[in-house]
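Enquirer: Questions regarding the structure given below will be posed in turn.
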Amino acid sequence: MTEPRRLRVLLLAHSFNSLTQRLFAQLRGSRHKVSLELDISDSVTEEAVVLFRPDVVLAPFLKRRITESVWRQHLCLVVHPGVPGDRGPSSLDRAILRGELRWGVTVLQATGEFDAGPVWASESFEMRAGTKASLYRNEVTACAVAAVQQCLRRLERGEEAPALPAEAHTGQFWPLLRQTERAIDWSRDDTATVLRKIRSADGAPGLAGSLFGKPCHFFDAHDATAAARELPGAAGDVVARRAHALLRKTVDGGVWIGHACVAPDPSDEPPLKLPAAEIFAEFTARLPDLPVPLSRDPSQWDELRYREIGPQGARVGVLTFDFYNGAMSSRQCGRLLDALREVRTRDTRVLVLAGGADFFSNGIHLNTIEAEGQRAGGSAADASLRNIEAIDDVVLEILTMTERLTVAALRGNAGAGGVFLALSADEAWAHPGVVLNAHYKNMGNLYGSEYWTYVLPRRLGAQRARELTQARLPQLAGDAAEDGFLDACFGDDAASFFDRAMQRAQALAGSPGYEEQLARKQRRRAIEESEKPLAAYREEELAQMRRNFYGFDPSYHVARYHFVHKLAHAWTPRHLALHRTEPPR
Ligand code: COA
């Protein structure tokens, strides 16, 4: 039997987004040679294919067509988040709005017509009530990886695209969805419809509407019916707040709106997606605040939630902190710290830190920091330092939780400080779909804090820790577990992982070796504290961070500005664009 071909795969993407990172890491781990070029201009793409001479150009996430000079000479496969035959730029948005029960991902060959080339592979998934971005990061990404692998297997064997029967093409061409097509009619739309409309536009572009008379876009919406029932007001009225979210009545209940983005004055900075109650602080201060306890009925939404499972004497506490986009502002860190202090008083043997459903955590909240810098008299440097101190306090609380065992269960990706927050637990578990970015350097050479100089070398050793943070590459959870960076990687998807993680945590709490394991943890912490106190790690990291925030080199502030405003890339980082560093073939 002949060996399958080793392919040269050039990834072409608008940005190094979650799907592109997942494919990049997955394909690099296979026998193929993978390089990446960001879709900056046609001439840059042309140059990349000349330098790399790919067997296939794979486009997981594009906002423009591939130039004809490239698709005519090279096989170009485009990942489209729609079923075969479905065409157009708002595929997933429309599928959510139409209430499709199943949707899919298609890999098709680029030709002169948009999304209309031969279909190479397709996969389908069951739809669930989630935001577009959440479906994209989970179901779409899993299907895209599977479909791309099918295509590469074909190519390895030298096969062409399979001819799909006409009836397999179930979709059609749909143009870009306009805001008017999903506008909310507050006098008519029920809660389910309002949620579906907002979710169809979340993370981008957001659903256009207005709040307190100001045009804005809505994001981060949740069912508020349980809270809205008792409150007076007409459909469309904003009647209360909880944490950063505003409660807006609907005809049959209400929705929480967590984030918004105000349309800018032409003279202003571009708009930022921010916590709704903070944007409209002048109007919301007089609204009733409706706090809820950490342990409560699931119908009552809040970012933080706590529950306990397992028998008395072997109880497990489970704390979720579902912060939008995994970003943790000073205020959110403060709330999480309070929650940790509260759950520490409970009689549990294991505390599971479950992060959010889509992201475990992405570290400090760069948007709120940017907004603080834009405020008259505000300082982004001060806001950055406050935020890093606040997240450090959270990590410290976990590191010093020596009266029980702690587990971080990563249902979604983690980046920068969010990864080290996970590593502050005694054990860190994830499922194979999770991608980790355990480095800060991409954010303008940020040094990083969150006690990473303590938790990382402790797991990997100094040399490997240095390599990992310098490499600035996304890492698959499976590889991280093999490396000793994570303690375990299991499950087929986030849901099956979490079920198994709950069982595992209960087994840990009830295990005969529990007392000994806890005693070992206490001894190790005491020894390490005597060798070098945690306060010393923190102070050293913060000394570097102060230089990042207040020093003469503005790289961090520039990188943050680019990141929060999603400015187009001007070049592809060299550590990703192998074809720009390897010798010509
Ligand atoms: N602060 C504010 N927003 C953040 C954020 C942060 N720390 N991290 C991610 N986000 C937002 C993104 O802006 C994006 O917003 P959108 O919904 O408006 O599109 C959303 O979260 C998803 O992020 P995205 O970059 O598309 O996700 P990804 O899975 O493709 O990439 C990361 C993940 C972690 C690589 C990337 O988000 C990142 O570099 N984040 C910054 C991490 C950081 O430097 N934190 C500060 C130091 S602790």
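The values are calculated or read from the model by the stated rules, or taken from the named source; none is laboratory data. In this text the structure is predicted, and so the values were computed from the model without any measurement. As a convention, Cβ positions derive from the backbone with ideal geometry for all residues, glycine included, and neighbour counts pool all protein chains shown. In case anyone asks, the SASA skips ligands and DNA or RNA and just uses the protein heavy atoms, side chains included. Shrake-Rupley method; radii C 1.70, N 1.55, O 1.52, S 1.80 Å.
Enquirer: Does Ala480 satisfy the condition of being farther than 18 Å from Leu405 by Cβ, surrounded by fewer than 15 Cβ atoms within 10 Å (Cβ to Cβ), among the hydrophobic types (A, V, I, L, M, F, W, C) and out of contact with any Phe, Trp or Tyr (no Cβ under 6 Å at 6 or more places or on another chain)?
Expert: no
Enquirer: Then there is this: If we only count strands (runs of 3 or more DSSP E) wholly inside region 242-314, which ones have 2 or more residues that are modelled with pLDDT of 95 or more and open to solvent by less than 10 Å² (accessible area, probe 1.4 Å)?
Expert: Qualifying strands (runs of 3 or more DSSP E): 245-250, 253-262.
Enquirer: Restricting the first residue to region 270-291 and requiring it to be at negative phi, which pairs with a second residue that is assigned to a helix (DSSP H, G or I) and small (Gly, Ala, Ser) meet a Cβ separation below 7 Å and a spacing of at least six or different chains?
Expert: That search, which allows pairs on different chains as well, returns Leu272/Ala371; Leu274/Ala371; Thr284/Ala277; Leu290/Ala227.
Every residue, every condition in (1) within 16 Å of the ligand (Cβ to nearest atom); (2) in contact (Cβ under 8 Å) with a residue 24 or more places away in the chain, yes or no:
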site	(1), (2)
Leu460	no, yes
Arg464	no, no
Gln470	yes, yes
Gln475	yes, yes
Phe498	no, yes
Ser530	no, no
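Enquirer: Does Arg520 fit the bill of being in a helix (DSSP H, G or I), under 30 Å from Ala390 (Cβ atoms) and modelled with pLDDT of 95 or more?
Expert: Against the criterion (in a helix (DSSP H, G or I), under 30 Å from Ala390 (Cβ atoms) and modelled with pLDDT of 95 or more), Arg520 does not qualify.
Enquirer: Related question: Quick one: which helices (runs of 4 or more DSSP H) lie wholly within region 60-172 and hold at least 1 residues that are outside the structural domain of Ile40 (by TED's automatic domain parsing) and surrounded by fewer than 17 Cβ atoms within 10 Å (Cβ to Cβ)?
Expert: Qualifying helices (runs of 4 or more DSSP H): none found.
Enquirer: If you don't mind, there's one more thing I want to ask. Tell me which of these Ala422 doesn't satisfy, since it passes every other one: (1) away from the ligand (no atom under 13 Å from the Cβ); (2) of a type outside the set (Phe, Trp, Tyr); (3) in a helix (DSSP H, G or I); (4) in contact with a strand residue (DSSP E or B) (Cβ under 7 Å, 6 or more places away or on another chain).
Expert: (1)
Enquirer: Another one. So, of the residues in region 425-455 that are part of a strand (DSSP E or B) and over 17 Å from Ala559 (Cα atoms), which turns out to be farthest from the ligand (Cβ to nearest atom)?
Expert: Glu427
Enquirer: Quick check: is even one residue across region 418-432 surrounded by fewer than 24 Cβ atoms within 10 Å (Cβ to Cβ) and within 16 Å of the chain's Cα centre (by Cα)?
Expert: Yes, because at least one residue in region 418-432 is surrounded by fewer than 24 Cβ atoms within 10 Å (Cβ to Cβ) and within 16 Å of the chain's Cα centre (by Cα).
Enquirer: Just one of (1) of a type in the set (S, T, N, Q); (2) touching a residue at least 60 places away in the same chain (Cβ under 8 Å); (3) over 20 Å from Leu177 (Cβ atoms) trips up Gln109, so point out which.
Expert: It is condition (2) that Gln109 fails.
Enquirer: Taking interchain pairs and intrachain pairs at least six residues apart, which have beta carbon atoms under 6 angstrom, with the first residue in region 200-211 and under 15 Å from Leu272 (Cα atoms) and the second assigned to a loop (DSSP other than H, G, I, E, B)?
Expert: Asp202/Thr131; Leu207/Ala201
Enquirer: Still on this structure, I have one more. Working only within region 560-577, note down all residues that are under 27 Å from Leu27 (Cβ atoms) and either in contact with a Cys (Cβ under 7 Å, 6 or more places away or on another chain) or surrounded by 18 or more Cβ atoms within 10 Å (Cβ to Cβ) (or both).
Expert: Listed by number, the residues that qualify are Thr572, Leu576, Ala577.
Enquirer: Which condition does Leu486 not pass, out of (1) part of a helix (DSSP H, G or I); (2) surrounded by 14 or more Cβ atoms within 10 Å (Cβ to Cβ), if it passes all the others?
Expert: (1)
Enquirer: Among the residues of region 54-73, write down those that are without any contact (Cβ under 8 Å) to a residue 60 or more places away in the chain and over 23 Å from the mean Cα position of the chain (by Cα).
Expert: Pro54, Val57, Arg64, Arg65, Ile66, Thr67, Glu68, Ser69, Val70, Trp71, Arg72, Gln73, listed by residue number.
Enquirer: If you go through region 230-239 one residue at a time, do you hit one that is part of a strand (DSSP E or B), loosely packed, with under 15 Cβ neighbours inside 10 Å and in contact (Cβ under 8 Å) with a residue 40 or more places away in the chain?
Expert: Scanning region 230-239, I find no residue that is part of a strand (DSSP E or B), loosely packed, with under 15 Cβ neighbours inside 10 Å and in contact (Cβ under 8 Å) with a residue 40 or more places away in the chain, so the answer is no.
Enquirer: Sticking with this one: Would you mind finding the one in Ser41, Ser35 that is more than 16 Å from the ligand (Cβ to nearest atom), of a type in the set (S, T, N, Q) and open to solvent by 10 Å² or more (accessible area, probe 1.4 Å)?
Expert: So the residue among Ser41, Ser35 that is more than 16 Å from the ligand (Cβ to nearest atom), of a type in the set (S, T, N, Q) and open to solvent by 10 Å² or more (accessible area, probe 1.4 Å) is Ser41.
Enquirer: Which residues, taken from region 547-559, are open to solvent by 40 Å² or more (accessible area, probe 1.4 Å) and farther than 30 Å from Lys63 by Cβ?
Expert: Scanning region 547-559 gives Arg547, Tyr550, Phe552, Asp553.
Enquirer: Just checking, how many residues over region 523-546 are open to solvent by 60 Å² or more (accessible area, probe 1.4 Å) and among the basic types (Lys, Arg)?
Expert: 3
Enquirer: Name every residue in region 334-348 that is surrounded by 18 or more Cβ atoms within 10 Å (Cβ to Cβ) and out of contact with any Asp or Glu (no Cβ under 8 Å at 6 or more places or on another chain), in order of residue number.
Expert: Passing the criteria: Leu336, Ala339, Val343.
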